[in-house]
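Let me begin by presenting the structure, written as structure tokens, before commenting on it.
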Amino acid sequence: MRNVMLTVGLAMGLATPLVAQWLGEPVWNSPKGGTGVTISGDYAHPNADYGKGNTWGGRASLGLSTITFTAGVATWKPAGSTQSLTSVGGNVAFRLIGGSLLPVALNLQLGGASTNSTPVTTTTLTGAAGLSVPLPTPGFTIEPYFSPGIRYHNSGGGSHTTNFGYALGANLGFGLLGIHLAYDHERRSSAASGSVFGVGAHLSLHLPLGM
């Protein structure tokens, strides 16, 4: 029943704004940041209260030491819906502390995305802090992180909400290649809270950017 109501709401432009920045995906993060270009491919599966279905996405990030810029796109098709929702957006992350001499990393992340769903467009803005403890394991790297923050959704026509959410995740690196995973949960006052689990692979090119 929740899935049917969600699908009808999306089609009629009356849906409660949903979880995360790119709809259907977690709010990805990497508090330790880095230097170079990272290309990521993502897959995510929302829970029943979110709308279920499958989400596929891709992102490109440019790291300049303590600041990282990311742009990406994701397409989510809720279960029982004939319409796929495509989100386009990006974020910027500022590393406040962390690096080779510190065992922890802390960053601030600001992001936004626009999702087209006939006849309205949903705009989502996110603001989060991220805390990670990179583990210096031999031959590969592990960065578990916790990232709580605020999510603002505006579906037009005066429909907007501000909710609290968080992401628990990890980034694993094996040289140039790596995998990432995250569980995202957003608490909403007007509807059941939604959550989504995501996983993906990435390629990191540590370019000599001179910074």
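Pairing residues of the stretch 40-55 that are at positive phi and free of Cβ contacts under 8 Å to residues at least 60 places away in the same chain with residues that are in a strand (DSSP E or B) and among the charged types (D, E, K, R), at Cβ distances under 9 Å and at least 6 apart in sequence or on separate chains, gives 53/77.
Being farther than 16 Å from residue 186 by Cβ and out of contact with any Lys or Arg (no Cβ under 7 Å at 6 or more places or on another chain) holds for only one residue in 113, 128, 105, 93, and it is 93. Residue 129 meets the conditions (1) closer than 17 Å to residue 42 by Cβ; (2) small (Gly, Ala, Ser); (3) under 15 Å from the mean Cα position of the chain (by Cα) in every case but one. The failed one is (1).
In the stretch 66-80, the residues that are farther than 18 Å from residue 39 by Cα form Cβ pairs under 7 Å with partners that are buried (at least 22 other Cβ atoms within 10 Å of the Cβ) and polar (S, T, N, Q), at six or more places apart or across chains, as follows: 76/55. Of note, residue 154 satisfies the criterion of being within 17 Å of residue 89 (Cα to Cα) and surrounded by 15 or more Cβ atoms within 10 Å (Cβ to Cβ).
Restricting the stretch 171-183 to residues that are small (Gly, Ala, Ser) and more than 13 Å from the chain's Cα centre (by Cα) leaves a set whose member that is nearest to residue 57 (Cα to Cα) is 178. Among the residues of the stretch 29-37, some residue qualifies, meaning at least one is assigned to a strand (DSSP E or B), of a type in the set (Gly, Ala, Ser), touching a strand residue (DSSP E or B) at 6+ places or on another chain (Cβ under 8 Å) and in contact (Cβ under 8 Å) with a residue 12 or more places away in the chain. Considering only the stretch 112-127, I want to know if a residue exists there that is surrounded by fewer than 14 Cβ atoms within 10 Å (Cβ to Cβ) and closer than 21 Å to residue 30 by Cα. Looking for residues that are surrounded by fewer than 14 Cβ atoms within 10 Å (Cβ to Cβ) and closer than 21 Å to residue 30 by Cα, one finds none in the stretch 112-127, hence no.
No value in this document is a laboratory result; all are computed from the given coordinates. Computed from a predicted model, the values in this text were never measured in an experiment. Glycine gets a Cβ as well: all are built from the backbone with ideal geometry, and neighbour counts include every protein chain shown.
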